[in-house]
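Undergrad: The following block contains the structure, expressed as structure tokens.
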Amino acid sequence: MRAVRIDSFGGPEVLVPVDVPDPVPGPGEVLVRIAAAGVNRADALLRAGLYHRAGRPPLVPGVEAAGVVVEVGEGVTEVVPGQRVMALDGGKSSGFYARLATVPATHLVVLPEAVDLTRAAALPVAWLSAWYCLRRLARVTKDDTVVVKAAASGVGTAAVQIAAETGARVIALAGSAEKAAWAGEFGADVTLDTSAPAWAGEFGADVTLDTSAHPDDAEVEEVLRLTDGRGADVVLDTVGGRAFGRSLREVAHGGRVVALANVALEPSTVDTRDFYPKNASILGFQLTNLQIHGYDPRPDLRELAERVAAGVYRVPIETVVPLEEARAAHERLERRDNRGKIVLAVGPDISK
């Protein structure tokens, strides 16, 4: 079968299309013909040798996908051949940048007919992460104000919609005016371009802040201004690095900061005085480790799929790239050009 493999760690150029033997499902596993695979930051970190469970090359990346069941291993009763499914890697799957992959049956969810395989491939990582962080960890309610960082990313776009559905007030932060405006299309009440020297306020009035002494203060001061000095009840930090320090300063008394990534790939310097006087909580999230410690993602994935099928959530696919061009997909991801998800078209049945 055709797959994209990493034979040595490095940049996008190490993603090489190759022919590899077809995998065979073992007990408790399912063989899936992959139609589409989501492209994630975790894939880029794995490729670079920076992922926390990278293993050793040769490796086939890919942690989320959708496709059709081909064969089931011994003891599998949850699915049958021919069913359309979405799959989430949990540390035991073969990578999804491949035409076929074996997946533990406990990491598969049968799809509603109204959800196509392209959108389904975008749900198991970004959407599940946003859902778990906001609904289970932060327990967002209609009375909350929620700050979503990197709101034009896959996780960010999902988080804006999930928070907005609860009735919460959503402040979306993005790295350009175009991305900020785009986040507003998904239910954000306020959008902020974090690259701009001046902010467009809640009522359209420009606010210019003097940030010559502390450049990072512009974002913090604007969040505080938009919340009448109180701060946000929930801050979803998808960036890490220096952004995490800002998140602690933006959260309200008794609020929750949820940290689920460090795409900045830099240390986060924390001043404890920014959160302990406010009795604020810092909540960590890492999907793979959550599964290792017993989390069953299937109920949450089913609920997400049902909401997508019902039209409650929109899953924006920024671009679909052929499997053989995985390198280009990674280059686009690392330039942060994308709004929404990048998906690899692995098989010909991607539109079904």
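Undergrad: Check segment 325-336 and report whether any residue there is of a type in the set (D, E, K, R), in the same structural domain as ASP89 (by TED's automatic domain parsing), modelled with pLDDT under 90 and under 24 Å from ALA232 (Cβ atoms).
TA: Looking only at segment 325-336, we keep the residues that are of a type in the set (D, E, K, R), and these are 325, 327, 331-332, 334-336.
Now restrict to residues that are in the same structural domain as ASP89 (by TED's automatic domain parsing): 325, 327, 331-332, 334-336.
Next, from what is left, pick out any that are modelled with pLDDT under 90: 334-336.
Pick out the ones that are also under 24 Å from ALA232 (Cβ atoms) and you get 336.
Yes: one or more hits.
Undergrad: Follow-up. Looking only at segment 143-153, decide whether some residue is surrounded by fewer than 24 Cβ atoms within 10 Å (Cβ to Cβ) and under 23 Å from LEU46 (Cβ atoms).
TA: No, because not a single residue in segment 143-153 is surrounded by fewer than 24 Cβ atoms within 10 Å (Cβ to Cβ) and under 23 Å from LEU46 (Cβ atoms).
Undergrad: Taking the residues in segment 1-18 that are β-branched (Val, Ile, Thr) and assigned to a strand (DSSP E or B) as candidates, determine which candidate is surrounded by the fewest Cβ atoms within 10 Å (Cβ to Cβ). Even if it seems obvious, please write down each step before you answer.
TA: Residues of segment 1-18 that are β-branched (Val, Ile, Thr), as a first pass: 4, 6, 14, 16, 18.
Checking which are assigned to a strand (DSSP E or B) leaves us with 4, 6, 16, 18.
Numbers: VAL4: 29, ILE6: 23, VAL16: 15, VAL18: 13.
The extreme case among them is VAL18.
Undergrad: Of (1) free of Cβ contacts under 8 Å to residues at least 40 places away in the same chain; (2) within 28 Å of ALA181 (Cβ to Cβ); (3) basic (Lys, Arg), ARG273 satisfies all except one. Which?
TA: (2)
Undergrad: Here is a list of conditions, (1) out of contact with any strand residue (DSSP E or B) (no Cβ under 6 Å at 6 or more places or on another chain); (2) more than 29 Å from GLY175 (Cα to Cα); (3) among the charged types (D, E, K, R), and ARG298 meets all of them except one; can you say which number that is?
TA: Status for ARG298: all satisfied but (1).
Undergrad: Could you please let me know if LEU45 is farther than 23 Å from LEU108 by Cα and either within 20 Å of the chain's Cα centre (by Cα) or in the same structural domain as ASN262 (by TED's automatic domain parsing) (or both)? I'd like the intermediate steps shown before the answer.
TA: On the way: farther than 23 Å from LEU108 by Cα: yes; either within 20 Å of the chain's Cα centre (by Cα) or in the same structural domain as ASN262 (by TED's automatic domain parsing) (or both): yes.
Against the criterion (farther than 23 Å from LEU108 by Cα and either within 20 Å of the chain's Cα centre (by Cα) or in the same structural domain as ASN262 (by TED's automatic domain parsing) (or both)), LEU45 qualifies.
Undergrad: In addition: Identify, please: which residue in segment 287-311 is closer than 19 Å to ARG139 by Cβ and outside any helix (DSSP H, G or I) and is, among those, farthest from the chain's Cα centre (by Cα)? Break it down into steps so the answer makes sense when it comes.
TA: Taking segment 287-311 first, the residues closer than 19 Å to ARG139 by Cβ are 287, 290, 295, 297, 299-300, 303-304, 307.
Next, only the ones that are outside any helix (DSSP H, G or I) stay: 295, 297.
Numbers: TYR295: 17, PRO297: 15 Å.
Going through the qualifying residues, I end up with TYR295.
Undergrad: What residue, among those in segment 23-52 that are assigned to a loop (DSSP other than H, G, I, E, B) and of a type in the set (A, V, I, L, M), is farthest from VAL239 (Cα to Cα)? Give the derivation first.
TA: The first filter runs over segment 23-52 and keeps only residues assigned to a loop (DSSP other than H, G, I, E, B), leaving 23-28, 40, 49-52.
Subsequent filtering for residues that are of a type in the set (A, V, I, L, M) retains 24, 50.
Values: VAL24: 38, LEU50: 16 Å.
Step by step, filter segment 23-52, then rank; the result is VAL24.
The values are calculated or read from the model by the stated rules, or taken from the named source; none is laboratory data. None of the values given here were measured: they were computed from a predicted structure. Every residue, glycine as well, gets a Cβ built from its backbone with ideal geometry; the counts of neighbours run over all protein chains shown.
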